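This report refers to the structure that appears directly beneath it.
What follows is calculated from the coordinates using simple rules that are stated; it is not laboratory data. Since this is a predicted model, take the numbers as computed values, not measurements. For neighbour counting, all protein chains shown are included, and Cβ atoms are generated from backbone atoms with ideal geometry for every residue, glycine included.
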Amino acid sequence: GTLSYSLLYSQHASLYFCCAIGDQGNELITLEIIHHYVELLDKYFGSVCELDIIFNFEKAYFILDEFLLGGEVLETSKKNVLKAP
Amino acid sequence: MVASSSSLKLQDLIQEIREAKTQAQEREVIQKECAHIRASFRDGDPLHRHRQLAKLLYVHLLGYPAHFGQMECLKLIASPRFTDKRVGYLGAMLLLDERQDAHLLITNSIKNDLSQGIQAVQGLALCTLSATGSAEMCRDLATEVEKLLLQPSAYVRKKAVLTAVHMIRKVPELSDIFLPPCAQLLHDDHHGILLGTTTLITELCERSPAALKHFRKMVPQLVHILRTLVTTGYSKEHSISGVSDPFLQVQILRLLRILGRNHEESSETMNDLLAQVATNTDTSRNAGNAVLFETVLTIMDIRSAAGLRVLAVNILGRFLLNTDRNIRYVALTSLLRLVQSDHSAVQRHRPTVVECLWEPDGSLSRRALELSLALVNSSNVQAMTQELQGFLESCPPDLQANCASGILLAAERFAPTKRWHIDTTLRVLTTAGTHVRDDAVANLTQLIGGAQELHAYSVRRLYSALAEDISQQPLVQVATWCIGEYGDLLLEGSCEETEPLQVEEEEVLALLERVLQSHMSLPATRGYALTALVKLSTRLRGDNNRIRQVVSIYRSCLDVELQQRAVEYNTLFRKYDHMRAAILEKIPLVERGGSQVDEEAKESKETAQLSEAAPVPTEPQASKLLDLLDLLDGPSGDAQHPPPLDPTPGGALIHLLNLPCAPPPPAPIPNLKVFEREGLQLDLSFVRPPGTPTLLLITVTATNTSGGDVTHFICQAAVPKSFQLQLQAPSGDTVPAQGGLPMTQLLRILNPKKAPLRLKLRLTYNHFGQSVQEIFEVNNLPVEAWQ
């Protein structure tokens, strides 16, 4: 069958984060996921801004990979995410 | 600027690219750097390989081609250094998806990395596997991942669990491997592992009914975990906005939903917990609302207690009042899904829903509209319609069509009175006429036609509306039709239900002519107007010169449809004037679905001489028909129950198709005056339609030049046995005094044997306070009537 996706986005300061979920998704919790990720970046970079992500894109990916895996939430403790290698 | 020969650091490259002022400049910088990177790859410099790849990945993010880096990813993954591996795996995830040929080559590396003991490395491998693992890879590596599920390190276990989820999605048969470990994993303390396991179990249950059954046993345990989270576990590191690990809560709720669906026992077990979560969750922030939302979804999907369902709907109702638009959106969408199954619960929130109509945000107001329309029922229809009409007047154009049709539909289903129905439809047509569906016109004319008591009211209101605005086509069409049909009611007397309206004949004609000439009128509308004008020729008392003039003009109209009509009407005036009254009688009520009402039989019980009516037999003689035909031959008019009289207000049933159209018959048969008494005169006119030589149409016209009205007028006819006679309903039973509107009646006579025609008439009526009965045979019938 054909899959349909919903696109969600969230704005934090000048940063836009966009995310696609399948039709089973709870949209509100997805917004929480985005928010959580932004806070992770915030903690790591100390008040994240666009340049931080641009110049450290690979780190943004590494952090994301400690938070989500295969499209599902992997770790809900910020502490655990940030102390990972 | 750095000299081009040495290798740029990643940050420097990024800087340089951002400094480019035009697209062309950027391209130049990137092309130059890519050339370096390619050279470096060729030379095989292991030290800087990871940096080169990183630069390439950045370039890739910007949208430039980077495929030549694919093999480098492989090399980096195979390197023993962690920094190499990390970038290599990232590159693999970005550049080496399933569609690439080199994709499979990473399988071996992943396998190696999974089995060697360093957590961080295992983590990388698992991550890549779950992001891009193809079905084949998953099959190959399933056992490796299974082993990792039992690893002591929580870090590895949590990643392995989610990797298993991915594998099952790709290769459902692998479920068998990953089902057994779940039970133990669910006992883990680590939130990440619990979360992953719950996701894994959800995935397993969705794919296999057997797994579903198996995991139902775990419902109590899941309930326990969730309860602990909600009540006791205040773990600071997992708390978000005061809610304990909302992600885990939501995931457990989702799993409970699947397990409780269609299963009484499981649903029971969860009942209390769901109620607890629903009432205790902090709703001040989105995290709490997200959990609440998932709870609502679960409650509605399982076999929950009625009280719980109401609670869920009420939560959604509260969501509607939330200031956060997303939450209102989510509430509206969910309520829409529930409105059929839990109608009364949703009804309670109707006022709030109606408030949401006025949302500035289009996606919200659209859903509010849909939901409002679904909530209309017979008890609230008037209030709701009022609200919806208000909305219709100010809503954006793309919603107008939906709103208008919705109102009309609701009106059709729940109208308390016909008058209300007409009023409502009228209002919709005036407000949003251009957006209504095509059948709105037909429906309204049907509605008006069937409400005899409201004819006067309708025609007056429509006349006023039309006089104000002739641009809204559906309204114009209905109004012109109505004026044509009931023009006489418009002019005479007054109607208590509307304000007194003095309308002159000339005004009416002028209005119709305006419609006819207006450039805003569609061709169909002009057709309506022309026909209405012609109909008025029999309804109005004045002379018809003005009408005849207009009709005459349109004979040369460019629009073919109008031209044809005009020609036909013109002919009607000139050559068939005696038939005009009959043809232009009020239309009988058309059946829904458009089929013309069949000619009905009219029976008289009175005397033996009178013929029965029977429908003209087109089909082979059925036994039922035989009975009727017997009656036809026999002089006994016996007591067959008459079929119900035509319900239309004195409409003459005319099959227009049977009447002659444009080409005139060879020679018109002269009229015949057959009766005259104290000012009441009866004339017969004859028509032999060319296509049917055995058919004779007689129109009886009764005129009254005396000073008193003739009332309760009934005319009956009888013919010899070999003939078949059909009396159609007369135009009325009153022949008004002083040369008022004549009464007409059509007789259809079939003469298959071409026998000489004989006709007997019986009249009964009241005149000057006396009841009169006359029976006589018509003499001097013209031979052309039957030869």
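Quick one: grab the alpha carbon gyration tensor of chain B, order the square roots of its eigenvalues as a ≥ b ≥ c, and give me rounded if a/c is under 1.5, else prolate or oblate depending on whether a/b is larger than b/c.
Cα axes put chain B in the prolate bin.
Quick one: what does P(r) look like for region A:5-85 with 5 Å bins over all Cα pairs, in whole %?
3, 14, 27, 25, 19, 9, 2, 0
Which loop chymotrypsin sites (Phe, Trp or Tyr not before Pro) in region B:127-236, with loop taken from DSSP, have no more than 16 other Cβ atoms within 10 angstrom of their Cβ?
Those that pass, being in a loop and sparsely packed, are B:Tyr234.
Note down, for region B:238-391, the three equivalent ellipsoid semi-axes (square root of 5 times each alpha carbon gyration tensor eigenvalue), biggest first, whole angstrom.
Output for region B:238-391: semi-axes of 29, 19, 11 Å.
Which ordering of B:Leu375, B:Leu530 is given by a fewest-first count of other beta-carbon atoms within 10 Å?
Starting with the residue having the fewest Cβ neighbours, the order is B:Leu375, B:Leu530.
Quick one: if the Förster radius is 22 Å, what FRET efficiency do B:Ala20 and B:Asp43 give, using the C-beta to C-beta distance and rounding to 0.05?
Efficiency at R0 = 22 Å is approximately 0.25.
Could you work out Rg/(2.2 N^0.38 Å) for the protein assembly as shown, with Rg from alpha carbons only?
1.48
Of A:Thr30, A:Ser10, A:Leu68, whose Cα points farthest to the positive end of the dipole of chain A (charges on the beta-carbon: +1 Lys, Arg; -1 Asp, Glu; origin at the Cα centre)?
About the Cα centre, the residue reaching furthest to the positive side is A:Leu68.
In whole Hz, what ³J(HN,Hα) sequence does region B:368-374 give by Karplus (6.51, -1.76, 1.60; θ = phi - 60°), x for Gly and Pro?
Values per residue, Gly and Pro as x: 4, 4, 4, 5, 4, 5, 5 Hz.
Other chains' Cβ within 10 Å of A:61-67 residues: what's the mean?
What the average comes to for A:61-67 is 4.
Using 0.36 nm times the number of residues separating B:Thr232 and B:Asp101, minus their current alpha carbon distance, what extension gain do you get?
Length gained, B:Thr232 through B:Asp101: 41.9 nm.
Out of the trypsin sites (Lys or Arg not before Pro) in region B:311-377, which ones are loop residues according to DSSP with at most 14 other C-beta atoms within 10 Å?
Loop-located and lightly packed - B:Arg348.
May I ask you to order B:301-308, B:566-573 by the average number of other C-beta atoms within 10 Å around their residues, highest value first?
So the order, starting with the most tightly packed, is B:566-573, B:301-308.
Can you give the mean number of other chain Cβ atoms that lie within 10 Å of the Cβ atoms in peptide A:31-38?
Going residue by residue through A:31-38 and averaging, the value is 4.
Which of B:Thr711, B:Thr269 comes first, and how do the rest follow, when ranked by fewest Cβ neighbours within 10 Å?
In order of increasing Cβ crowding within 10 Å: B:Thr711, B:Thr269.
With viscosity set to 1.002 mPa s and temperature to 20 °C, compute the Stokes-Einstein D of region B:673-787, Rh being the Kirkwood radius across alpha carbon pairs; µm²/s, no decimals.
After rounding, the answer is 146 µm²/s.
Could you tell me, in Å, what Rg and Dmax come out for the Cα atoms of region B:399-514?
13.7, 42
What's the exposure ranking of B:Thr705, B:Thr281, going from fewest to most Cβ atoms within 10 Å?
In order of increasing Cβ crowding within 10 Å: B:Thr705, B:Thr281.
Taking the mean number of other Cβ atoms within 10 Å as a proxy for protection, how do you rank B:254-260, B:582-588 from highest to lowest?
The packing order, highest mean first, is B:254-260, B:582-588.
Which entries of B:Lys418/B:Lys586; B:Lys9/B:Lys32; B:Lys55/B:Lys158; B:Lys147/B:Lys170; A:Lys79/B:Lys217; B:Lys586/B:Lys753 have Cα-Cα distances beyond 25 Å here?
Violating the 25 Å Cα-Cα cut-off are B:Lys55/B:Lys158; A:Lys79/B:Lys217; B:Lys586/B:Lys753.
In Å³ and rounded to a whole number, note down the convex hull volume per residue for the Cα atoms of region B:38-180.
101 Å³
Please give the FRET efficiency for B:Asn108 paired with A:Ile54, using the beta carbon to beta carbon distance and R0 = 30 Å, rounded to the nearest 0.05.
0.30
I need the shape label for region B:308-402. Rule: rounded when a/c is under 1.5, else prolate if a/b > b/c, else oblate, with a, b, c from the alpha carbon gyration tensor.
Since a/c reaches 1.5 but b/c is at least a/b, the shape of region B:308-402 is classed as oblate.
In debye, nearest 20: dipole of region B:1-137 around its Cα centre with unit charges on the Cβ of K, R (+) and D, E (-)?
Charge dipole, region B:1-137, about its Cα centre: 220 debye, nearest 20.
Which of the three applies to region B:164-317, rounded, prolate or oblate, going by the alpha-carbon gyration tensor with a ≥ b ≥ c and a/c under 1.5 meaning rounded?
It comes out oblate by the Cα gyration axes.
List the trypsin sites (Lys or Arg not before Pro) within region B:66-173 that DSSP assigns to loop and that have no more than 10 neighbouring Cβ atoms inside 10 Å.
B:Arg99
With θ taken as phi - 60° and the coefficients 6.51, -1.76 and 1.60, list the Karplus ³J(HN,Hα) couplings across region B:758-768 in order, rounded to whole Hz; mark glycine and proline as x.
Working through the residues one at a time gives 10, 9, 10, 10, 10, 10, 10, 6, 10, 8, 6 Hz.
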